[in-house]
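Heads up, the thing below is written out as structure tokens.
The values are calculated or read from the model by the stated rules, or taken from the named source; none is laboratory data. Predicted, not measured: the structure shown is a model, and the values here were computed from it. Cβ sites come from the backbone with ideal geometry, for glycine too, and all protein chains shown count toward neighbours. Accessible surface areas use protein heavy atoms only, side chains included; no ligands, DNA or RNA. Shrake-Rupley method; radii C 1.70, N 1.55, O 1.52, S 1.80 Å.
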Amino acid sequence: MTTTVTTTTTACVAAVTEIIEAGAFGQNGRFVSFTLDGQHTEQDQFASSVLYGTVIVTDSDCRQQSHRLVFKFKHPIPEMRALVKNDKQFHNEILFYERIAPFLLARCSRTDSDEPVTPSLCRYFYGCNDCGEQVQRDMIVLENESVRGYRSANIEHRLCLDFNHLIVALRSLAKFHSLSYRAKHRDRAEFMGLVSNVKDTQWDDDGEWFPIGKKLGAMLSLALEALMARCGNDGKDDQRVHRFRTEMLADSTNTMRRMMKPVEPMSVLCHGDFNRNNLLFRYDDGGRPVDALAYDMATVRYGSPALDLSFFLYMNTNRQTRDDHWDTLLDAYCETLAAAAGDVPVPDRGQLDVEMREHAFYGLVHVSFFLRIMLEEQKPLNPLEFIGKDLNQRLQIILSFGGERATEWVADIVQHYFDMVYAKT
């Protein structure tokens, strides 16, 4: 353990030295000290480890400044790095911060509005992704955004965000998506060239969707059975379940590929994992959220805005919130999208509803996997369980989590999806 900490600290100091020499903390800065604040890895994430540290720098006048940083490392176990595609994830995140974000913010954000229409993003300092066997040197260094007042959501329920947090998060997502519409309007060739360098992190080398490929039907089977049991013998949901199995699950691999395929002119650079785990909020003096900052850009992808929206809304709302506020939440997204885009055409609510009907299967599938794990109360997920397992074995691991509560929760989401997609059945 001591050796690991020493090696990690040495890697952090080396990165910090490069950051200082690059002038990130001012010209003529000199290294004074570096201290690790401790390790913290979110319980809902397992693709990387995160360290927090503080660097002290002195300037030419011998004045000391303290800077709080976040260091993101790849998973220490080689098999896990391969399973979660750490190399591709780090490639994407470094690409985003070093090339895509500067282009979007400098050339495609609005400067003609009194309202803040640019999304808040982490300040990026350093990225390395090519150290081979010296994997501890591969890292991403960001500012600890607590210095700007951002922190994790102050919520009681582990799964759901309240209405105020949801609205703020969706407005932030709309600002982020608006940059893509402005980029395609302003310099489509350069933007498309940049996003073409994003690497896919969701498909195995054999062409199967991670984690269970062709087993999507089996993964959703318990929720479908629970849904039919609720509705008795009226036949309506029997028909919708049959359509769902036939149209979406019979060839689930191609269905997922269709969900992820960009279709113009609606497609945007999606965050790819827009969820409360990857959001920090800033609050006013009364404790109300006023802004959201998204981080962990490792799974960005170019596709329908409904990829982010369906995942976020299904992952962070319960049935009651969807019943009461679905329209209000999507209206808030559309309103902010239009305001942030200015005179650039963006989808209106009607067009967005079409996108959601055509692509929300993406969010449904991802949530049916993640919710089971997050609703498990007895045993935490050990991601090492997935290493070396075939699709059937992975499926059984997933279905062992969450119990009846997870099945009912996923069934609620399937019900909402049916009501949205098969409303006229």
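Dividing the Cα radius of gyration by the Kirkwood radius, what Rg/Rh value follows for segment 79-210? Rg/Rh: 1.00.
Rolling a 1.4 Å probe across all protein chains gives V84 an accessible area of roughly 10 Å². In a solvent-free Debye calculation with one equal scatterer on each Cα, what is log10 I(q)/I(0) for segment 279-425 at q = 0.16 Å⁻¹, listed in the order of the q values? Result of the Debye calculation: -1.07.
Here the relative contact order of the chain, from alpha carbon pairs under 8 Å that lie six or more residues apart, stands at 17 percent.
For the chain, with a Gaussian network of springs between Cα atoms less than 10 Å apart, report the residue from R243, R123, R148 with the top mean-square fluctuation. Among R243, R123, R148, the largest GNM mean-square fluctuation belongs to R148.
Does a label point 7 Å from the Cα of Q393, set along Cα-to-beta-carbon, have any residues of segment 211-225 with amide nitrogen under 15 Å, and which are they? Residues passing the 15 Å test: 212. For K214 and E264, FRET efficiency with R0 = 25 Å and r from the beta-carbon atoms, rounded to 0.05? With R0 = 25 Å, the Cβ-Cβ based efficiency is 0.30.
The share of C-alpha pairs in segment 126-203 whose separation exceeds 17 Å stands at 73 percent.
Taking the DSSP beta bridges with both ends in the chain, the antiparallel portion is around 95 percent. Peptides 163-176, 280-293 ranked from most to least packed, by the mean per-residue count of other Cβ atoms within 10 Å: 163-176, 280-293.
From most to least packed by mean Cβ count within 10 Å, the peptides 369-375, 358-364 give 358-364, 369-375. Computed over the chain, the Cα gyration tensor eigenvalues convert (square root of 5λ each) into semi-axes of 37, 26, 20 Å, ordered from largest to smallest. Shown for segment 187-286 is the translational diffusion coefficient from the Stokes-Einstein equation, using the Kirkwood radius over Cα pairs, a temperature of 10 °C and a viscosity of 1.306 mPa s: 92 µm²/s. Summed over all non-identical Cα pairs, the Kirkwood treatment of segment 112-170 gives a radius of 15.2 Å.
Annotation: Cα Rg of segment 358-410 relative to the compact-globule expectation 2.2 N^0.38 Å equals 1.18. Distance between the modelled labels on A423 and R68, one decimal in nanometres: 4.5 nm (7 Å Cα→Cβ projection). When the alpha carbon gyration tensor of segment 295-349 is reduced to an equivalent ellipsoid, its three semi-axes come out at 21, 18, 9 angstrom, largest first.
Could you sort out which of K184/K261; K72/K389; K199/K261; K214/K261; K74/K175 sit more than 20 Å apart by Cα distance in this structure? Don't skip to the end; give the middle numbers.
Details: K184/K261 17 Å; K72/K389 27 Å; K199/K261 14 Å; K214/K261 18 Å; K74/K175 29 Å.
Table pairs above 20 Å Cα-Cα are K72/K389; K74/K175.
Spacing of the modelled spin labels on Q378 and S146, each 7 Å from Cα toward Cβ, amounts to 3.6 nm.
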